[in-house]
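Encoded as structure tokens, the structure appears first; notes follow it.
Rule-based calculations on the coordinates, nothing more; no lab input. Note that the structure is a prediction, hence the values are computed from the model and not measured. Glycine gets a Cβ as well: all are built from the backbone with ideal geometry, and neighbour counts include every protein chain shown.
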């Protein structure tokens with residue numbers, strides 16, 4: 001094992017980490033927002049909205065992310081109305097295409113995760129909220145969303161970690177994130193093992209940190225699921 | 001209705017009508033649960049609703065704050081009629097804002113407490129006043145502490161519902177309802193989910209509310225509460241009011257044969 005080479009490889013790969021983080025954070029952010037819209041449509045009383053959401057989830061959850069990414073990156077340019085539209089300067093950028101496809105895909109999964117969270121809300125707690133005069137947005141903001149989010153958090157952490165790993169696919173549409181840079185290094189050095197081990201280590205550490213953060217968030221949000229403190233809670 | 005229906009209790013002669021229900025009907029599928037119930041509650045009335053399970057008393061209570069929507073009938077709270085309309089062949093509230101406001105004026109206490117499990121007891125109590133009534137938080141906290149003191153769980157203010165006994169949870173739920181300063185309190189079998197040794201602490205709180213003049217409608221199986229605390233007892237049978245009168249009179253000799261048989265099962 002060549003320590004100097006590993007060290008140099010690590011340095012090169014870490015230089016690409018900001019790109020991986022940018023893909024990850026932008027797609028989780030926009031995908032999360034889109035998921036809120038999709039889940040709202042999915043549970044709404046409107047048949048058209050509900051069926052659109054069902055179709056969306058079916059398509060983006062049921063087909064490979066890589067194909068979705070290829071369709072957006074290679075496919076969209078075939079349509080004249082897109083190529084000549086004001087969107088084209090953005091849509092011909094590999095980075096934009098990668099974020100777009102990652103966000104669209106995670107929105108489908110996240111919408112389902114949030115929907116299961118909503119279904120897990122005890123009907124009695126909703127009834128109590130209605131009985132004090134809550135409805136609509138106030139009910140959602142104060143009771144439904146906070147309870148649903150707590151239920152969804154464990155499954156959502158898994159989805160977030162999947163997203164970190166899915167950013168590797170962006171290398172196939174010429175985005176130079178960690179995996180893409182690793183492949184370039186291999187094609188230059190033919191030292192597959194060392195380079196990919198370094199890349200894997202980077203993803204492992206990144207996911208470890210993210211999972212720790214999510215676990216901490218879950219811990220902070222769920223004091224009510226833990227045993228009562230042995231000593232009285234200090235008064236504020 | 002049977003001829004035993006007797007309305008005047010004599011104790012609240014000058015009181016204003018807080019709640020007026022006219023001819024409520026409700027069916028679930030083909031099963032008619034309520035067959036035309038009418039009731040007036042005046043200021044300070046404590047009305048116990050008795051009846052075997054399936055007699056419709058809980059459904060009746062839930063129709064009053066529209067957790068169930070009656071198929072037919074009128075409900076007024078403090079003189080304000082709840083607007084209903086026909087939509088798709090069903091009776092539905094015409095104005096959601098009015099329903100929200102009326103609900104905020106009716107305190108509901110549930111059989112299984114229904115506290116919000118992710119909030120502390122104090123947070124449960126201030127939730128309605130702060131977010132529904134939009135009142136200043138500090139003021140609501142100060143009032144909530146007085147209420148928690150009153151129901152005897154002040155030291156549990158920062159605990160979560162799951163960390164409390166059933167009796168403590170129900171007293172917290174009563175404090176949560178009281179924090180809305182309701183015009184009428186509705187109790188849906190408030191002690192039925194409690195261990196026998198915890199029933200007393202909840203009944204004591206309810207009794208002190210009654211003594212302070214709170215208008216209360218209580219669905220209950222606690223005969224001693226119906227007899228000693230309420231000023232009026234309504235006995236329901238098959239979705240109708242079978243007997244209605246002052247407790248002394250009904251428990252004395254005024255009740256119908258069905259009522260006599262019903263309380264006979266309680267050893268009364």
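The table below lists the values:
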| item | result |
| --- | --- |
| Along principal axes, Cα extents of chain A, largest first, whole Å | 68, 57, 28 |
| Relative contact order of segment A:101-169, pairs being alpha-carbon contacts under 8 Å that are 6 or more residues apart, as % | 49 |
| Most mobile of B:115, B:81, B:178 in a GNM of chain B (Cα contacts under 10 Å) | B:81 |
| Value at 222 nm in deg cm²/dmol, rounded to 500, when DSSP H runs of n ≥ 4 in chain B each add -39,500 (n - 2.57) | -9000 deg cm²/dmol |
| Gain on full stretching of the segment that runs from residue A:93 to residue A:141 - 0.36 nm per residue minus C-alpha separation | 13.6 nm |
| For B:105, B:211, order by how many other beta-carbon atoms lie within 10 Å, fewest first | B:211, B:105 |
| Cα gyration tensor shape of segment A:1-141, rounded if a/c is under 1.5, else prolate or oblate by comparing a/b with b/c | oblate |
| Cβ-based exposure ranking for B:225, A:7, in which fewest neighbours within 10 Å come first | A:7, B:225 |
| For segment A:20-83, the fraction of alpha-carbon pairs in successive 10 Å shells from zero, as % | 19, 35, 39, 8 |
| 10 Å-binned pair-distance histogram of chain B (Cα, whole percent) | 7, 29, 35, 22, 6, 0 |
| 10 Å Cβ neighbours from other chains, averaged over peptide B:108-121 | 5 |
| Dimensions in Å of the protein assembly as shown - Rg and Dmax from alpha carbons | 30.7, 102 |
| Sorted peptide list for A:14-23, A:175-184, criterion being average Cβ within 10 angstrom, highest first | A:175-184, A:14-23 |
| Shielding by partners - mean other protein chain Cβ count within 10 Å, residues of A:119-131 | 6 |
| Relative contact order of chain A, defined on C-alpha pairs under 8 angstrom at six or more residues apart (%) | 27 |
| Computed [θ] at 222 nm, deg cm²/dmol, chain A (DSSP H ≥ 4; -39,500 (n - 2.57); rounded to nearest 500) | -23500 deg cm²/dmol |
| Computed over segment A:128-236, Cα set: Rg, Dmax in Å | 21.9, 69 |
| Inter-chain Cβ neighbour average for residues B:176-188, partner chain, 10 Å | 1 |
| Mean Cβ neighbour count within 10 Å, used as a protection proxy, ranking B:49-62, B:123-136 highest first | B:49-62, B:123-136 |
